[in-house]
Amino acid sequence: MTDDQERRGPAGSQDPTEPIRPGFPAPGGLTGGSVPPAEPIPNAPDPFSPTGAPTTPPPGGPGEPPPGGPGETPSGNRAWWWALGGLVLLAIVAVTVWLATRGDAGGDDGASPGATPSGTVTSEAPSEEPSPEPTTEVTTPPATGCTPTEGGTPAGASTHEIIDVDFDGRPDTAWLTTGADRRFGITTASGATFSAPVTTASPVPASAVVNLVAAGDGEAPIALVDVGREVLLYSVANCAVNVTQNAQDEPYTFDKGFSGFGTGVGCTAVDGVLHLAGLNAMSNDGSTYTVARTFVDLDESARRATNGQTETVAEGVPASDPVVVTAQETSCGDLVAGGADPGGPVEPQG
């Protein structure tokens with residue numbers, strides 16, 4: 001017997017080219033080889049439950065996830081975090097109160113909030129000012145001058161106060177005696193007396209000046225003794241009077257117009273230091289003059305002299321010109337030998 005109603009075979013045996021007829025599946029569900037309905041998923045939430053709670057057996061069954069696992073509800077998570085946050089906040093407040101209480105108990109009322117907690121003790125070593133090192137004041141002992149000698153200024157000698165020749169800070173005294181054995185000498189404030197003979201054939205009374213001039217790399221005291229025809233040069237350094245020698249080991253003298261080599265002697269300031277020089281005022285007509293100057297180089301004690309550079313300092317000047325007048329005198333700086341206001345001793349007369 002032939003059944004002309006087509007039967008559906010198992011799923012997957014349908015011809016893919018066959019169109020799906022309306023009315024499939026048939027009312028009443030699948031029959032015969034139909035796939036049975038799937039079992040419900042454990043713990044799946046009931047979509048129709050008002051709370052969305054899962055329709056599962058009580059906890060402890062095979063389908064219960066570990067506590068805190070993915071099966072936990074969002075509302076449970078929030079409640080747990082709020083509780084944890086409250087505990088942390090409470091702990092912070094408690095620690096803050098404890099610290100504030102300890103700080104107030106260990107410090108005074110004026111302590112700053114940032115003070116070190118009482119549990120930590122800090123101290124600073126008191127600063128010690130370095131003790132001043134003892135200072136030794138170096139002082140130069142005062143010069144004592146020349147050693148005192150027996151005797152002193154000869155009786156009847158002409159005296160004049162002069163510069164400090166022994167550098168003890170006190171002015172000294174120059175003197176001249178008269179007679180056949182006339183002498184020039186110095187008596188210092190310290191009590192020392194030293195002298196040298198005035199050796200000359202000139203009958204003119206002697207006059208003298210004493211000053212400090214350039215000598216070697218420094219300065220030394222010298223004496224110029226004018227005897228009219230010539231001027232004798234003495235060193236008065238190192239507590240002694242010594243005749244200054246020339247290059248030929250003879251007494252160094254300045255001419256005063258007697259031998260034609262010069263007319264006078266003076267001291268010219270160079271860079272604040274007096275330099276000894278021989279002067280010569282020359283005239284062809286008796287009314288105008290040319291003045292030449294020759295510097296004298298002295299060793300450090302002024303006991304040896306040599307001629308230095310010669311230069312012309314004036315030309316065609318009248319006899320009244322100060323340059324000509326000075327060139328005919330015996331002077332050193334502001335000191336002039338003899339005259340109305342002598343700068344040194346003058347040999348006594350009579």
**OP:** Go through the range 250-343 and tell me which strands (runs of 3 or more DSSP E), entirely inside it, have 2 or more residues that are closer than 29 Å to VAL165 by Cα and of a type in the set (Gly, Ala, Ser).
**Re:** 264-270, 273-282, 305-318
Original post:
Within the bounds of the range 305-320, is there any residue that is touching a strand residue (DSSP E or B) at 6+ places or on another chain (Cβ under 7 Å), of a type in the set (D, E, K, R) and either within 30 Å of ALA240 (Cα to Cα) or surrounded by 15 or more Cβ atoms within 10 Å (Cβ to Cβ) (or both)?
Top reply: no
**OP:** Can you confirm whether the range 281-290 contains a residue that is closer than 20 Å to ASN211 by Cβ, surrounded by 12 or more Cβ atoms within 10 Å (Cβ to Cβ) and over 47 Å from the mean Cα position of the chain (by Cα)?
**Re:** no
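Specify which of the listed residues (THR173, THR153, THR159) is surrounded by 11 or more Cβ atoms within 10 Å (Cβ to Cβ), assigned to a loop (DSSP other than H, G, I, E, B), at pLDDT 55 or above and not small (Gly, Ala, Ser). I'd like the intermediate steps shown before the answer.
Working: THR173 fails: assigned to a loop (DSSP other than H, G, I, E, B); THR159 fails: assigned to a loop (DSSP other than H, G, I, E, B).
Residue meeting the stated conditions: THR153.
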Original post:
Which of the residues belonging to the range 181-198 are assigned to a loop (DSSP other than H, G, I, E, B) and either under 15 Å from ALA302 (Cα atoms) or not polar (S, T, N, Q) (or both)?
Top reply: ASP181, ARG182, ALA189, GLY191, ALA192, VAL198
**OP:** Test THR193 against the stated conditions and say whether it is touching a residue at least 40 places away in the same chain (Cβ under 8 Å), surrounded by 22 or more Cβ atoms within 10 Å (Cβ to Cβ), over 17 Å from LEU276 (Cβ atoms) and among the polar types (S, T, N, Q).
**Re:** no
Original post:
Do the conditions hold for ARG293, that is, is it among the charged types (D, E, K, R) and either under 28 Å from ASN238 (Cα atoms) or modelled with pLDDT under 95 (or both)?
Top reply: no
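When the range 199-211 is examined, which residues are found to be in contact (Cβ under 8 Å) with a residue 60 or more places away in the chain, outside any strand (DSSP E or B) and of a type in the set (A, V, I, L, M, F, W, C)?
Just the residues of the range 199-211 that are in contact (Cβ under 8 Å) with a residue 60 or more places away in the chain, to begin with: 205-211.
With the extra rule that they be outside any strand (DSSP E or B), the set shrinks to 205-206.
ALA206, the sole residue that qualifies.
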**OP:** Could you tell me whether any residue of the range 178-192 is within 12 Å of VAL165 (Cα to Cα), among the β-branched types (Val, Ile, Thr) and touching a Ser or Thr at 6+ places or on another chain (Cβ under 6 Å)?
**Re:** yes
Subject >> Selection count where residues are polar (S, T, N, Q), in a strand (DSSP E or B) and over 25 Å from ALA292 (Cβ atoms), scope the range 212-249 >> reply: 2
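Being in contact with a Gly (Cβ under 6 Å, 6 or more places away or on another chain), among the β-branched types (Val, Ile, Thr), under 24 Å from ALA208 (Cα atoms) and touching a residue at least 60 places away in the same chain (Cβ under 8 Å) narrows it down to one of THR294, THR326, so name that one.
THR326
The values are calculated or read from the model by the stated rules, or taken from the named source; none is laboratory data. Keep in mind that this is a model prediction, so the values were computed, not measured. Here the Cβ is made from the backbone with ideal geometry for all residues, glycine too, and neighbour counts use every protein chain on show.
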